[in-house]
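To start, the structure under review is shown below, and the notes come after it.
Here, each number is a calculation from the coordinates, and none is a lab measurement. Keep in mind the model is a prediction, meaning the values are calculated, not measured. Methodologically, a virtual Cβ is constructed for each residue, glycine included, from the backbone with ideal geometry; neighbour enumeration extends over all protein chains shown.
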Amino acid sequence: MAENTRIVKNATCTFCGCVCDDMELTVDLDKKVITKAKNACVLGRAWFAEHQIDDRPVAMIDGKEAPLEEAIEEAAQVLVNAKFPITYGLSDTTCEAQKQAVAISDIIRGTIDTTTSVCHGPSGLAFQDIGESTSTLGEVKNRADLVIYWGGNPAESHPRHFRYSVTPKGMFIPNGKKDRTVVMIDVRKTPSAPVADILIQVKPGKDFELLWALRALVKGRKVDPQIQVMTGVPLETMTDLVERMKNCRFGVLFFGMGLTMTRGRHFNSGALLALATDLNEFTHFVAKPVRGHGNVTGADNVVSWQTGYPFGVNFSRGFPRFNPGEFTTVDTLTRGDADAALIIASDPASNFPKAAIEHLKKIPVISLDTKETSTSKLSHVAFATSTYGINTAGTVYRMDDVPIPLRPAFESPYPGDEEILFAIKKRVHELILSKCGATGATGEARVASKLML
Amino acid sequence: MSLELSMHTRPQVPLEAELLGPDKTLGLDSKAVSGLQIQHGNEQVTVGDFFKVKGKGEGAIHLEGDLARVKLLGSGMTTGKLHIHGDVGEHLGVGMSGGEITVDGNAGDWVGPEMAGGRIVIKGNAKHLAGSAYRGSAAGMLGGEIFIHGHAKNEIGHGMRNGLIVIGGNAGDFTGVNMLAGTIVVLGEMGIRSGAGMKRGSIITMNPAEMLPTFSYDCIYHPVYLRLLFRALRTQGFNISDAKLTGKYQRWSGDSVELNKGEILVFTP
Ligand code: SF4
């Protein structure tokens, strides 16, 4: 073992939405690397191991190294002069940084959107339409005797999710897995299938029809046996599942992007939430989305408690307006509406549709990222930041909306997202105030200044 | 003389022009209209910054130019005529209760959301959510007519409570989803999951459609009201053959997870 070693107990892994907070990290402080991550899954181990300090300038303007202050000034100028700026990303940073980003969008009267809009955004719409019957993962661990995964592959995407929902012994589940029935519903047999007691394979794109038929059965309506031709699932299997759902003590439906990102989107999530609502006439049933990025749940929470809406919020008129499809980033970029972008801890230039990326190339982009990405390469101003959870402290939300503190492993020479966003916010604010003064505008921004800083 | 506005500068970012309606410009001369405030992104500008204005507000407006980025035209309109010679952006005729809007080109998402009366005619195509409810509100269109001669996309008449929507071409998925009442006619093909969650109301289609498992087949018959409706639609320029006028229709009722008092009528040649 190296000389200068530190052990960090109860550290948090921020790689996926499980946000496991029982890590024990061994850190080589000389080399600034994590040599061992006890309790982490294979994804978590890779996340901790691959993290090292890159040799990258802290700030660049048009691809050339620039002093931090100059870059902050340039970023602020771009944002203040934009007429329809968008802020996007935020799922891989702390809640504290997310808060600064919302404040910036508010001050510059821009649009704020998070990666939720391309993963569980449809669920956000469904929550608004139907409502969410919810619980923490701790409750699932202690009470759930029927666990249904729909359109997800946790064994590969969230390897330690099962420690809440399948394997553990809980207060009312004394024998662990033996006391639980696990159902997997998916279009194919995934590597998660072996944990399932019941496996239901639905025809691709027919989740909504299956959910709708289940709802009808729960409500005691007749369903034509021809349903098997449509969905690939026999009526007897459905009836059996419905009986189990009605007769369990505590049921949970976990749903993934197999449901939210296929044809029907928010109606698929909505159908599942409505099914959970229907089942509450018989027993206790909850539905939870299985969230991907480390702090995407935090992004939803922070944007919600600051603006009233979870994503796709526009401030052009000085008050928040929510309209997915209009103010969500892919749509705004594809239509060519945005005239500047502030991108935080996300890489839309590598995963957005082509038309959206083409528009990103045309407008000034300001990016904050821990690594060099396609987005940072096309940015007008690019900041290099430290990694949350490894170098930066703060708060993240687990997928069940439980806030969890971070315990960083070692220091980074780079500033955190929050620090840079705070500096941009301060400067943007000064510029807006002087603009208001110059045009004799109302004291609105001044009032805002007291509230925000 | 009516009011004529032609766009001289193309907006770089969305322009929100809810004041441009025949009733809100009534009695205003061209100078006053030029001075009206509209929203360009996050700043307030005047109509004159983007449009050349001629004439006087006497209950009719003609708009010309590339208006694809102009939103909220004819919002809350109560009377008069608004004619758009070209394409138009989102939220056309939001919550209007009277008057008529005609678009010679295509329209963006949300045509006539939550409108209560009046008529909107789109000669080209429309996108998603025509005549629908806004996110978070329970009821969509409350009354009036939307005629789309081209195609439309998903969620037409989402949460519709009354009124008539006619699509000359094809419609996307979830036509009439969560519908409370009202009538939707699709003369082309309809996507999947039509009428999901509908309580009452009628969806009429001329082509075979896939039904949700919560819809049940009732009968085949000729509903008399269709003949009256189709005759009226012919006068609006929709092409409806005699066979369809006098033909038989399959009736499906649903959605059984809700009230089960809605119907989907499918033309059966
Ligand atoms: S399950 Fe997710 S949060 Fe937990 S260790 Fe694995 S990658 Fe990290």
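Let me have the 222 nm mean residue ellipticity of chain A computed from DSSP H runs of 4+ only, each contributing -39500 (n - 2.57), with the sum over all residues rounded to the nearest 500. Walk me through the intermediate numbers first.
On the way: 19 runs with 176 residues, N = 453.
Taking each H run of at least 4 residues, the total per residue is -11000 deg cm²/dmol.
Determine the dipole magnitude for the range A:5-49: charges of +1 sit on the beta-carbon of Lys and Arg, -1 on that of Asp and Glu, nothing else is charged, the reference point is the Cα centre, and the result goes in debye to the nearest 20. Mind dumping the intermediate values first?
On the way: 7 positive and 5 negative charges, 27 e Å.
Taking the Cα centre of the range A:5-49 as origin, the dipole is about 140 debye.
Any idea what angle helix A:266-279 forms with the longest principal axis of chain A, computed on alpha-carbon atoms, 0 to 90 degrees, nearest 10?
Once rounded, the angle reads 50 degrees.
With Rg and the Kirkwood Rh both taken from Cα atoms, where does Rg over Rh land for the range A:329-439?
On the way: Rg = 16.5 Å, Rh = 15.9 Å.
Computed over Cα atoms, the ratio is 1.04.
Alpha carbons only, please: Rg and Dmax for the range B:13-100, in angstrom.
Reported Rg and Dmax, both Å: 11.7, 31.
With 24 Å as the limit, write out which pairs from A:Lys246/A:Lys288; A:Lys36/A:Lys141; A:Lys222/A:Lys246; B:Lys24/B:Lys71; A:Lys141/A:Lys206; A:Lys177/A:Lys219 have Cα-Cα distances beyond it, or answer none.
Working: A:Lys246/A:Lys288 18 Å; A:Lys36/A:Lys141 28 Å; A:Lys222/A:Lys246 17 Å; B:Lys24/B:Lys71 16 Å; A:Lys141/A:Lys206 30 Å; A:Lys177/A:Lys219 30 Å.
In this structure, A:Lys36/A:Lys141; A:Lys141/A:Lys206; A:Lys177/A:Lys219 lie more than 24 Å apart at Cα.
Going by alpha carbons, how many degrees (0 to 90, nearest 10) lie between the helix axis of A:417-439 and the longest principal axis of chain A?
Tilt of helix A:417-439: around 60 degrees.
Among A:Asp417, A:Asp240, what is the fewest-to-most ranking by other Cβ atoms within 10 Å?
Working: A:Asp417 30, A:Asp240 13.
So the residues, fewest neighbours to most, are A:Asp240, A:Asp417.
Extension gain A:Asp240-A:Ala46, at 0.36 nm per residue separation less the Cα-Cα distance, in nm?
Values: separation 194, 0.36 × 194 = 69.84 nm, distance 4.10 nm.
That works out to 65.7 nm of additional length.
For all pairs of alpha-carbon atoms in the protein assembly as shown, what percent lies in each bin of width 20 Å, listed from the first bin to the last filled one?
Over the protein assembly as shown, the share of Cα pairs per 20 Å bin runs 16, 44, 33, 7, 0 percent.
Need one number: % antiparallel among DSSP beta bridges in the protein assembly as shown, to the nearest 5.
Details: 47 of 126 bridges.
Of all bridge pairs located within the protein assembly as shown, approximately 35 percent are antiparallel.
Taking N as the number of residues in the range A:5-49, what value does Rg over Cα atoms divided by 2.2 N^0.38 Å take?
Details: Rg = 9.8 Å, N = 45, 2.2 N^0.38 = 9.3 Å.
The range A:5-49 yields a ratio of 1.05.
Fewest to most neighbouring Cβ within 10 Å: what's the order for B:Arg200, A:Arg398, B:Arg231? Provide the component values of the computation, followed by the final result.
On the way: B:Arg200 16, A:Arg398 23, B:Arg231 11.
Going from least to most buried by this count: B:Arg231, B:Arg200, A:Arg398.
I'm checking a number: the convex hull volume of the Cα atoms of chain B, normalised per residue, in Å³. What is it? If you can, show how the numbers build up before the last one.
Values: hull volume 28.6 nm³, N = 269.
Hull volume over Cα atoms, normalised by residue count, gives 106 Å³.
For a label point 7 angstrom out from the Cα of A:Met171 toward its Cβ, which stretches of the range A:128-158 have the backbone nitrogen within less than 20 Å?
A:134-147
Let me spell out the model: positive unit charges on the Cβ of Lys and Arg, negative unit charges on the Cβ of Asp and Glu, origin at the Cα centre of chain A. What dipole size does that give, in debye rounded to 20? Each step should come with its number before you reach the end.
Working: 51 positive and 52 negative charges, 219 e Å.
In total the dipole reaches around 1060 debye.
Taking the Cα centroid of the range A:277-321 and of the range A:40-87, what is the distance between the two, rounded to the nearest whole Å?
27
GNM on chain B, C-alpha springs below 10 Å: top fluctuator among B:Arg227, B:Arg193, B:Arg251?
Ranking B:Arg227, B:Arg193, B:Arg251 by mean-square fluctuation puts B:Arg227 first.
Specify the longest stretch of chain B that does not include any exposed loop site, a site being one of the GluC sites (Glu not before Pro) with a non-H, G, I, E, B DSSP assignment and at most 16 other Cβ atoms within 10 Å.
Numbers: sites that count: B:Glu58, B:Glu189, B:Glu210.
The reported range is B:59-188.
Taking R0 as 25 Å, what's the FRET efficiency between B:Ser2 and B:Lys52 from their Cβ-Cβ distance, rounded to 0.05?
The formula returns an efficiency of 0.95 here.
In degrees, nearest 10, range 0 to 90: what is the angle between the Cα axis of helix A:121-130 and the longest Cα principal axis of chain A?
That helix lies at roughly 60 degrees to the long axis.
Report the one residue of A:Val218, A:His293, A:Val313 whose Cα lies farthest in the direction of the positive end of the charge dipole of chain A (charges on C-beta: Lys and Arg +1, Asp and Glu -1; origin at the Cα centre).
Comparing the listed Cα positions along the dipole, A:Val218 ranks first.
Placing unit charges on C-beta atoms (Lys and Arg positive, Asp and Glu negative, everything else neutral), compute the dipole magnitude of the range B:44-193 about its Cα centre in debye, rounded to 20.
Numbers: 13 positive and 14 negative charges, 34 e Å.
Result for the range B:44-193 is approximately 160 debye, rounded to the nearest 20.
Which of B:Thr175, B:Thr78, A:Thr26 has the fewest other C-beta atoms within 10 Å, and how do the rest follow up to the most?
So the ranking, lowest neighbour count to highest, is B:Thr78, A:Thr26, B:Thr175.
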